[in-house]
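A short reminder: the numbers here are calculations on the coordinates, not readings from a lab. On a predicted model such as this, the values are computed, not experimentally measured, just so you know. Cβ coordinates were reconstructed from backbone atoms using ideal geometry, including for glycine residues, and neighbour counts include every protein chain displayed.
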Amino acid sequence: MVVRWIWKPMTKRLRDEELDRHPGGGGAVHPPVAEKRPVTSTWHGVTRTDDYAWLRAGNWQQVMREPDVLPADIRAYLEAENAYTEAALAGVADLREQLFAEMRGRIKEDDSSVPAPDGPYAYGIRYTHGAEHPMLVRTPRGGGEEEILLDANRLAEGKAYFHLGGTAHSPDHRYLAYASDEKGSEYYEIRIRDLATGEDLDDVIPTTTGVPVWAADSRTLFYVWVDDNHRPAKVFRHEVGAGTEDVLVHADTNPGYFLGVGKTQSDRYILIDSHDHETSESRVLEADDPAGRPRLVAERRPAEKYSVEHSGDLFYILTNGGDAEDYRIVTAPVETPDRDHWRDLVPHSLGRLILDITAYKDFLVRLEREGGLPRIVIRHLATGEEHAIAFDEEAYSLGMAGSLEFDTATMRFTYSSMTTPGRVYDYDMATRSRVLRKQDEVPSGHDPADYVTRRVFAEAPDGETVPVSLLYRRDTPIDGTAPCLLYGYGAYGITIPASFSTTRLSLVDRGFVYAIAHIRGGKDKGFHWYADGRREKKVNTFTDFIAAGRHLVAEGFAAPDGIVGWGGSAGGLLIGAVANMAPDLFAGLIAEVPFVDTLDTMLDDTLPLTPPEWPEWGNPITSEADFRTIAAYSPYDNVAARDYPAILALAGLTDPRVTYWEPAKWVAKLRATGTGDRLLLLKTNMDAGHGGAAGRFDRLKETALATAFALQVTGRTG
């Protein structure tokens, strides 16, 4: 049965004094008022006053590790905001439960991944009915009884937060290294399990990024250590069971660079990567000589990035060096990998952005995007012959799922669209045949034929065309009466794929048009799309999003005053900026862990991400031009006496990426300065960080909250 929903625009705004009419309200509910404690600072001759700087805990580094040490006045304010949000949304409490039940009903609770073969075993993850967290399992490659290697649900018992990070089994299949975070602050602790006994060893490695990498001897582990300011600063070597002090392998003294550790697909080389957002360099260490000295591949050059793969006697290097803004692939001998020996294998082609490469024994696979759509290209290394994998829908998502093996002709890839649930294929690169290994199930039912996915283009103020991916029910009238959820990100070159999501169906099935604006700051249309949405051109990100919203209204995809904008993290900066620039366009805005105190954060070089992010946003400490550019759009700095749409801001207390005080300060200032009377809400998860709740069902409760807010502010709660 199809339930038809009738949308009635709200003819008046929900005032604070009306909240007592909601179920559960025992009287008038008033929002918390944050105390003003002015703090002044002067930069480049400009004096700024911050009334809410006190919400930034002086002991924030300790709070990341021990949330209980949060100062009492800050905790009281955040908890008061949480209570107010619950009271303000009391009228949709039943709807939130209904939404959660719907979203959970679309998840196959006893789901499992497609097993990944590696030597004598096939490895995978499996969920049991009702479980929040996965189990790591393996079976004999030829078939046989399943072995449970790790049950994250048992590890999570009794903990308010638990996240299983990176895992890696040793090459001899005896040990499993796994990392866990119990605070949401992304300080991971690595433990090592003996798979023969099922017991953890005494080895405990604290304060890591959570990505362990094994050497070929199955006794040596490499990891990245995180400093007190949450910067991945050093790579260490750990010998299993030795009880000796770990050995420093490499450190980068530049606070603007982060370190990472990985491995080539061939398993022959350990990779140590040092990078910021526009520059990188890599070192290689032979996996069978873990005590050896890492070799530099090519020294860093400003605004040049590269990554390394390996097959045979060559390194395969993906780089934007040599004016290859959309990247090229070069080769270099493993003995002399410096730039003087780089030779083009896949030359640069403007408009074809190469995103990633994987080298197998006989094949090189690359993921690229051209014309806004992805495709996978397979190259036979001996002959140079190439062929591509692509699909025909107007908008879709395609990804390389990787493999645990190197000497294989089988590669795995994933596909979905906004109407089509995810599929996993095994592809034979030699015969060019594919096998569907899995299609995600929607237990409560889903018929792709009931939905329409489209891609339209909005004209930006400077004449650029902004792609917008759309999803709606086939029976939704496209006549200017439908509400619309407009999602955007627009930073770091990240492209938001037009992929399938079960949670957004709760909006679409209630008559919403769901739209993704592929705005500048991502790489949807090539590297130039990214370059035109960063630093001094950052405002293009915001005007693209506004143009997308206005286009949807003009073309009948969205009702006037019926758009809800949604973005998270750097996408939360987008939401905060458009709130100031075009408040009249939106019925509501949802800002998840929003980077809204942009100027203050980029002026604070003690914060985890600030020095590495100066290439992305500019350095307002040393550059007056960067200071004034950021000050002109920073959402917190540009809050003014204007009529804002309804806003829901979501934060995480132990978030090291966007600290909790950014959304807290922003909402406090909006309340004190704005002239409107729509809801301004702040919800802080006091037990989690940037990603919110870690459990797969707990996370749905947060999504249901935001979805209910979108339905409330557009009058769709019937």
Checklist outcome for this item: Here the FRET efficiency for Ala382 versus Glu79, based on Cβ atoms and R0 = 51 Å and rounded to 0.05, is 0.20
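Just add up the charged neighbours of His277: K/R +1, D/E -1, any other residue whose Cβ is under 12 Å from the Cβ of His277.
Here the charged neighbours net out to -1.
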Next on the checklist: Can you compute the charge dipole magnitude of region 159-296 about its Cα centre, using +1 on each Lys and Arg Cβ and -1 on each Asp and Glu Cβ, nothing else charged? Give it in debye, rounded to the nearest 20.
Outcome noted: 180
Checklist entry - How much length is gained on full extension from Asp407 to Ser433, taking 0.36 nm per residue of separation minus their Cα-Cα distance? => result 7.6 nm
Checklist entry - So what are the ³J(HN,Hα) numbers for region 150-155, from phi and the Karplus equation (6.51, -1.76, 1.60; θ = phi - 60°), rounded to whole Hz, Gly and Pro as x? => result 7, 10, 5, 5, 5, 5
Checklist outcome for this item: When the charge dipole of the chain is computed with +1 on Lys and Arg Cβ and -1 on Asp and Glu Cβ about the Cα centre, the Cα farthest towards its positive end, among Asn153, Gly488, Ile546, belongs to Ile546
Checklist entry - Over region 101-208, one equal point on each Cα, no solvent: what is log10 I(q)/I(0) by the Debye formula at q = 0.22 Å⁻¹? => result -1.29
Checklist outcome for this item: Given a Förster distance of 56 Å, the FRET efficiency implied by the Cβ-Cβ spacing of Glu299 and Ala93, rounded to the nearest 0.05, works out to 0.45
Item to check | Electrostatic dipole magnitude of region 378-419 [Cβ: Lys, Arg +1; Asp, Glu -1; Cα centre; debye, to 20] | outcome: 140
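Taking a threshold of 30 Å on the Cα-Cα distance, which of the pairs Lys305/Lys665; Lys525/Lys665; Lys234/Lys305; Lys538/Lys683; Lys263/Lys438 fall above it?
Numbers: Lys305/Lys665 36 Å; Lys525/Lys665 35 Å; Lys234/Lys305 20 Å; Lys538/Lys683 28 Å; Lys263/Lys438 27 Å.
Lys305/Lys665; Lys525/Lys665, as the Cα separations exceed 30 Å there.
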Next on the checklist: Along the charge dipole of the chain, pointing to its positive end and built from +1/-1 on Cβ of Lys, Arg, Asp and Glu, which listed residue (Asn619, Val713, Thr606) has its Cα farthest out?
Outcome noted: Val713
Checklist entry - Can you work out the FRET efficiency for the pair Ala291 and Arg141, with r the C-beta to C-beta distance and R0 = 41 Å, to the nearest 0.05? => result 0.80
Checklist entry - Ordered by packing density, taken as the mean number of other Cβ atoms within 10 Å over each peptide's residues, highest first, how do 497-505, 394-402, 423-431 rank? => result 497-505, 394-402, 423-431
Next on the checklist: Nearest 500 deg cm²/dmol is fine: what mean residue ellipticity at 222 nm does the chain get from its DSSP H runs of n ≥ 4 alone, each adding -39,500 (n - 2.57), divided by its residue count?
Outcome noted: -5500 deg cm²/dmol
Checklist entry - In percent, what relative contact order does the chain have, based on Cα pairs under 8 Å that are 6 or more apart in sequence? => result 12
Checklist outcome for this item: Between the residues Ala216, Pro232, Val247, the Cα farthest towards the positive end of the dipole of region 159-296, that dipole coming from +1 and -1 charges on the beta-carbon of Lys, Arg, Asp and Glu, is from Ala216
Checklist entry - Along the principal axes of its C-alpha atoms, what lengths does the chain span, in descending order and rounded to whole Å? => result 71, 56, 53
Next on the checklist: Using amide H atoms built in the peptide plane, which far-off residues or other-chain residues are under 5 Å from Phe315 H to H?
Outcome noted: Ala332, Val334
Item to check | Centre separation in Å (Cα based) which lies between region 641-714 and region 41-94 | outcome: 12
Checklist entry - To the nearest 20 debye, what charge dipole does the chain have about its Cα centre, counting +1 at the Cβ of each Lys and Arg and -1 at the Cβ of each Asp and Glu? => result 1740
Item to check | In order through region 131-143: 3J(HN,Hα) via Karplus (6.51 cos²θ - 1.76 cosθ + 1.60), integer Hz, x for Gly, Pro | outcome: 7, 7, 10, x, 10, 8, 9, 8, 9, x, 4, x, x
Checklist outcome for this item: Final fewest-first order of Leu485, Leu609 on the 10 Å Cβ neighbour count is Leu609, Leu485
Item to check | Under 5 Å, built H, 5+ apart or other chain: amide partners of Trp43 | outcome: Arg48
Item to check | ³J(HN,Hα), Karplus 6.51/-1.76/1.60, whole Hz, each residue of region 404-411, x for Gly, Pro | outcome: 8, 10, 10, 8, 8, 9, 9, 10
Checklist entry - What residues qualify as long-range amide H neighbours of Val513, i.e. H under 5 Å apart, gap of 5 or more or another chain, H built at 1.01 Å from N? => result Cys484, Leu485
Next on the checklist: Only counting other Cβ atoms within 10 Å, I'd like Arg283, Arg339 sorted with the fewest neighbours first.
Outcome noted: Arg339, Arg283
